[in-house]
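The structure under discussion appears below in the form of structure tokens.
Every read-out reported here was derived from the displayed coordinates using simple, explicitly stated rules and does not represent laboratory data. These figures come from a predicted structure and were not determined experimentally. Glycine gets a Cβ as well: all are built from the backbone with ideal geometry, and neighbour counts include every protein chain shown.
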There are 2 protein chains.
Amino acid sequence: MFFLKELPTQSMIKQYSEAYFPGQTEEVANQLQGLREFSILLRKLEDYFASHNLSQLRFLVLMVIDREPERNYLYAHEIAERLDVSKPVLSRAIKTLAKDSLLTSKKDNQDARALVLSLTPSSKTLLKSILPGYFQILKNKPT
Amino acid sequence: MFFLKELPTQSMIKQYSEAYFPGQTEEVANQLQGLREFSILLRKLEDYFASHNLSQLRFLVLMVIDREPERNYLYAHEIAERLDVSKPVLSRAIKTLAKDSLLTSKKDNQDARALVLSLTPSSKTLLKSILPGYFQILKNKPT
DNA sequence: AGTATATAGTTACCATGGTAACTATATTGT
DNA sequence: ACAATATAGTTACCATGGTAACTATATACT
């Protein structure tokens with residue numbers, strides 16, 4: 001993600017939005033402001049994850065397995081159901097997570113197509129260690 | 001960008017955030033909710049731009065030139081100042097925009113290092129045609 | 001003048017997002 | 001039973017984000 005460094009609200013909104021949607025520029029300005037703030041928040045999270053050999057996606061894959069009640073594993077397609085990400089991207093993420101010993105991946109006994117994914121001791125430790133910082137970043141309103 | 005399809009507020013926040021920041025889970029939940037909403041908005045914008053042979057970055061490059069007061073051109077490094085994007089990414093975007101006849105790019109007379117970038121008739125027409133839809137998407141609160 | 005530094009842009013390389021098309025296996029329906 | 005369809009995951013390819021290191025030019029400093 002990227003964003004305008006200078007907020008576009010002044011010149012751009014007045015110049016364009018008012019022409020198309022007179023009287024509604026405030027709503028547009030709010031949305032642009034929000035986009036910018038969450039872009040900054042996203043970037044902070046990305047940097048934080050990167051410093052721990054993770055990414056947004058790698059983190060979320062581990063999280064949805066960890067937080068699954070009753071079971072200590074998920075099928076790949078179940079992760080795909082929970083995250084809004086394309087199959088090839090998830091497939092690659094799973095491979096690199098397994099390569100980094102953050103996931104174990106094995107074929108299911110019942111369904112030979114399906115992959116059973118579980119956390120490893122490494123990833124359990126990693127999750128525990130990064131969660132406080134993760135919530136700390138979320139707690140701070142983006143500026 | 002991607003995001004959790006199911007909001008994590010219920011299971012995840014209670015399970016984790018409350019443990020680290022008791023009493024502050026509402027703030028965390030709000031941020032996660034905001035991240036999700038703006039991820040959806042971002043994706044709508046991306047899809048809209050893609051349907052017009054643009055991207056967020058390509059659109060913003062054209063916009064900052066168009067909205068520049070007094071001048072009908074910008075130097076590449078001026079665009080870099082206005083957008084929070086790395087130099088190589090901007091460099092590539094400029095090349096493909098020029099290839100698509102949406103920008104003219106020529107060396108500056110005074111400074112042989114600098115690129116002077118201007119809109120073309122095509123990109124002026126394109127901007128005019130997509131701006132109403134752009135603001136329409138911004139106007140609608142993401143769901 | 002001539003060296004050192006700063007600035008503008010590019011190249012090379014990698015990570016992460018997408019779609020389309022593919023293989024392999026399961027399920028459905030006759 | 002077996003053909004048709006659906007599902008699980010992969011491969012191939014492309015777009016877009018980043019950093020590090022490079023070239024070329026301009027500016028600053030003896």
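Which of B:87/B:107; A:95/B:44; A:99/A:139; A:44/B:106 have a Cα-Cα distance over 25 Å?
Numbers: B:87/B:107 17 Å; A:95/B:44 29 Å; A:99/A:139 32 Å; A:44/B:106 36 Å.
Among B:87/B:107; A:95/B:44; A:99/A:139; A:44/B:106, the Cα-Cα distance tops 25 Å for A:95/B:44; A:99/A:139; A:44/B:106.
Using Cα positions and a limit of under 16 Å, work out the aspartates and glutamates in reach of residue B:128, with same-chain residues fewer than 8 apart set aside.
Candidates past the 8-residue exclusion: A:18, B:66, B:68.
I'd like to know which of A:103, A:75, A:25 lies farthest towards the positive end of the charge dipole of chain A, counting +1 on Cβ of Lys and Arg and -1 on Cβ of Asp and Glu.
In chain A, that residue is A:103.
Got the residue A:139 label distances to the other copies yet, label 7 Å along Cα→Cβ, in nm, shortest first?
In nanometres, ordered from closest: 4.1.
Among the GluC sites (Glu not before Pro) within region A:70-143, which fall in a DSSP loop and have no more than 10 other Cβ atoms within 10 Å of their own Cβ?
Values: sites: A:70, A:78, A:81; in loops: A:70.
Sparse-neighbourhood loop GluC sites (Glu not before Pro): A:70.
Dipole magnitude of chain B about its Cα centre, charges +1 at Lys/Arg Cβ and -1 at Asp/Glu Cβ only, in debye to the nearest 20? Spell out each step's value before the answer.
Details: 20 positive and 16 negative charges, 120 e Å.
It comes to approximately 580 debye.
Could you state the angle between the C-alpha long axis of helix A:56-66 and the longest principal axis of the C-alpha atoms of chain A, as a value from 0 to 90 degrees rounded to the nearest 10?
Result, in degrees: 50.
Using only alpha carbon pairs under 8 Å that are at least six residues apart, calculate the relative contact order of chain B and give it in whole percent.
On the way: 120 pairs, mean separation 31.5, N = 143.
It rounds to 22 percent for chain B.
Give the nm distances, rounded to one decimal, from residue B:52 to the matching residue in every other copy, measuring between label points 7 Å along Cα toward the beta carbon; shortest first.
4.0
If R0 is 41 Å, what FRET efficiency do you get for residue A:125 and residue B:136 from their C-beta distance, rounded to 0.05?
Values: r = 48 Å, r/R0 = 1.16.
It comes to 0.30.
Taking the 0 to 90 degree range and rounding to the nearest ten, how far is the long axis of helix A:25-50 tilted relative to the main principal axis of chain A, both from C-alpha atoms?
The angle comes out at about 30 degrees.
Give the nm distances, rounded to one decimal, from residue A:105 to the matching residue in every other copy, measuring between label points 7 Å along Cα toward the beta carbon; shortest first.
3.7
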